Structures are given as structure tokens and as C-alpha cells.
1. Identify, from the list 16, 41, 85, the residue that is farther than 14 Å from residue 2 by Cα and in contact with a helix residue (DSSP H, G or I) (Cβ under 8 Å, 6 or more places away or on another chain).
2. Looking only at segment 68-84, count every residue that is open to solvent by less than 70 Å² (accessible area, probe 1.4 Å), over 13 Å from residue 104 (Cβ atoms) and modelled with pLDDT of 85 or more and tell me the total.
3. Search segment 43-65 for residues being at pLDDT 95 or above and open to solvent by 90 Å² or more (accessible area, probe 1.4 Å), and hand back the single one that is nearest to residue 107 (Cα to Cα).
4. Any idea which residue in segment 93-113 is modelled with the lowest pLDDT, counting only those that are surrounded by fewer than 16 Cβ atoms within 10 Å (Cβ to Cβ) and not in a strand (DSSP E or B)?
5. Go through segment 1-42 residue by residue and tally those that are open to solvent by less than 20 Å² (accessible area, probe 1.4 Å), assigned to a helix (DSSP H, G or I) and either touching a residue at least 24 places away in the same chain (Cβ under 8 Å) or in contact with a Pro (Cβ under 9 Å, 6 or more places away or on another chain) (or both).
Amino acid sequence: MAKRAIGRFIRVTPRKARTVVNAIRGRNVRDALQILRFVHKDAAQPVLKVLESALANSKAADATLDVDRLVVFRAIVQEGPKSLKRWRMRAHGRATQIIKRMSHIEIVLGEEG
């Protein structure tokens, strides 16, 4: 029985979040939590929050669930909107956009075996 959690509109670039998510994909939940707590990346905090939410969702659905058997079945990062736009002044009175990217992080937990 797979349970999932989605973190939407997270203010971290998808490329940086994917490096963190690739480290926990396919691992045991306890190992993934340890990795996310000790990795030195800014994207680790939002991914940890989504993973803990997915764990809470699976515990709420089935109280007799064994947490040691849960694995990160699927973990993907999709690009969110680029609507948070900033402007940088340039030469000759022009301005160019600085695009602040967002991401949607989805983590699905399932039982191994």
C-alpha cells in the first residue's frame, strides 16, 4: 500500500533538488531520513519535510504498519512555475529578468518485497 506526499511551490531550483532526491530514491525510510538530516545542501530541508509528511500519511492510513519495511518507492522533482520574477538593471537603461525557479517534490513510500 503506497502512500505519497507532495510539496508544491518549494523555493528551490529543481536541478538542485534532484541531486538530493537521487540520493534517497530506493532506500529504506530510516536511511533516507539519516541522509537528509546530515547532507549539507539547502534543498535537503524541504525534501526532508516532504519525506516526513509521506511517513505521517502512511502511519495515519495504517496504524499497524511496520516502518522498517518502508522504502522510498518513487521520488521525483518537477519544475514549478517561474512566476517569482525579479529585475536586474543593465546598461543603457535596460532591464533583464532574474527568474526564481520553484519545484514540486513528490515522494511515494511503499513496502519492500
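The values are calculated or read from the model by the stated rules, or taken from the named source; none is laboratory data. These numbers come from a predicted model, not from an experiment. Backbone-built Cβ (ideal geometry, glycine too); neighbour counts: all protein chains shown. Remember, those area values only see protein heavy atoms, side chains included, never the ligands or the DNA or RNA. Shrake-Rupley method; radii C 1.70, N 1.55, O 1.52, S 1.80 Å.
1. 41
2. 3
3. For segment 43-65, the residue satisfying everything is 49.
4. Only one residue tops the list, namely 113.
5. 7
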